Amino acid sequence: NKEREDRQMKTLNMEEIHEVALGILKKIDEITAKLDLQYFLAYGTLIGAVRDHGFIPWDDDVDIMMFRKDYDIFAEYCISHEKEISPYRLCSLKTNPDYPHMIDRLCDSRYPIRVKNEVPCGQGVFVDIYPLDGMGSDLKALQPVIKKCHRLADRDFWSTRVHFEIPGKWYRTPDKFIRYCLAKYRGKEYFEKQLAAMGELFDFEDSKYIGVITWGTDMMYFDKRLFRRAIRMQFQDFQAPVPVGYDRILKKLYGDYKKLPPQKKRRAQHHYLAYKK
């Protein structure tokens, strides 16, 4: 069984996870250069590049963004060249219908992970790849779209949980339990279809704003000009691409991103254990 398998494998520490994730990032850099595609460091990984010139010490993954067109080309390449890029493999809804996310991940299959409260679907230590879709040019009209995406993403998340978990604030339990039950009844395929359709609402070229609309969280829309080109910045032992407007992007997401968070918040965001086969 899986518990016995886990005991027979070595658990990776954070430093080892960083080393594996960096190898995946370099593979992405290699493939995108070969195909003339653009990617950008994102979220905590982007903070790490700007502030720390590498990983945030407690961050347990790598985040990147791609324009939707490049994202789709990259995914198709990884799927059609699965043997050639091994041990790296794309984890997505295209490769496994049980996969629980609306974003793709490039994983290292030599280092499987066990994720808390998720159905196992062959993932390894990973790099999250977020697609940037068009979000129109009218912020007022965009607000209800963002709210709907946020609601759909919340239901999609609950639909992929193996069991209900009591939230930190106990008084929210009844509301969240009802949402969990309704989401499980609908099924994740319903929410995935709805979110995918939201990503096609706006034409990318005609949009002033772009963002990760299928992820569904607000504050993820940006002026497209902030991504008009990439610049290379030191990340660990190589130069990785960041959007030219990185400072405005990070301030929008995090405020004073150069200030370290309180000690109690310096912890990994994902709930998984990584192993070496």
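Using a 10 angstrom cutoff on alpha carbons, build the Gaussian network for the chain and name the most mobile of 251, 259, 224. With Cα springs under 10 Å in the chain, the top fluctuation among 251, 259, 224 is at 259. In order along the stretch 64-73, phi translates into HN-Hα couplings of 9, 10, 9, 4, 3, 4, 5, 4, 5, 5 Hz, rounded to whole numbers, per the Karplus curve 6.51 cos²θ - 1.76 cosθ + 1.60 with θ = phi - 60° and x for Gly and Pro. Here the stretch 13-33 and the stretch 169-235 have alpha carbon centers that stand 25 Å from each other.
Among the GluC sites (Glu not before Pro) in the stretch 1-87, none is located in a DSSP loop while being surrounded by at most 16 other Cβ atoms within 10 Å of its own Cβ. For residue 77, the accessible surface of its heavy atoms amounts to roughly 30 Å² (probe 1.4 Å, protein chains only, rounded to the nearest 10). Over the chain, the ratio between the Cα radius of gyration and 2.2 N^0.38 Å evaluates to 1.00.
Here the stretch 152-168 and the stretch 105-125 have alpha carbon centers that stand 19 Å from each other. Using a cutoff of 8 angstrom between alpha carbon atoms and counting only pairs six or more residues apart, the relative contact order for the stretch 78-160 works out to 21 percent.
The values are calculated or read from the model by the stated rules, or taken from the named source; none is laboratory data. As the structure is a prediction and not an experimental result, all values here were calculated from the model. Positions of Cβ are backbone-derived with ideal geometry, glycine not excepted, and every protein chain shown enters the neighbour counts. In case anyone asks, the SASA skips ligands and DNA or RNA and just uses the protein heavy atoms, side chains included. Shrake-Rupley method; radii C 1.70, N 1.55, O 1.52, S 1.80 Å.
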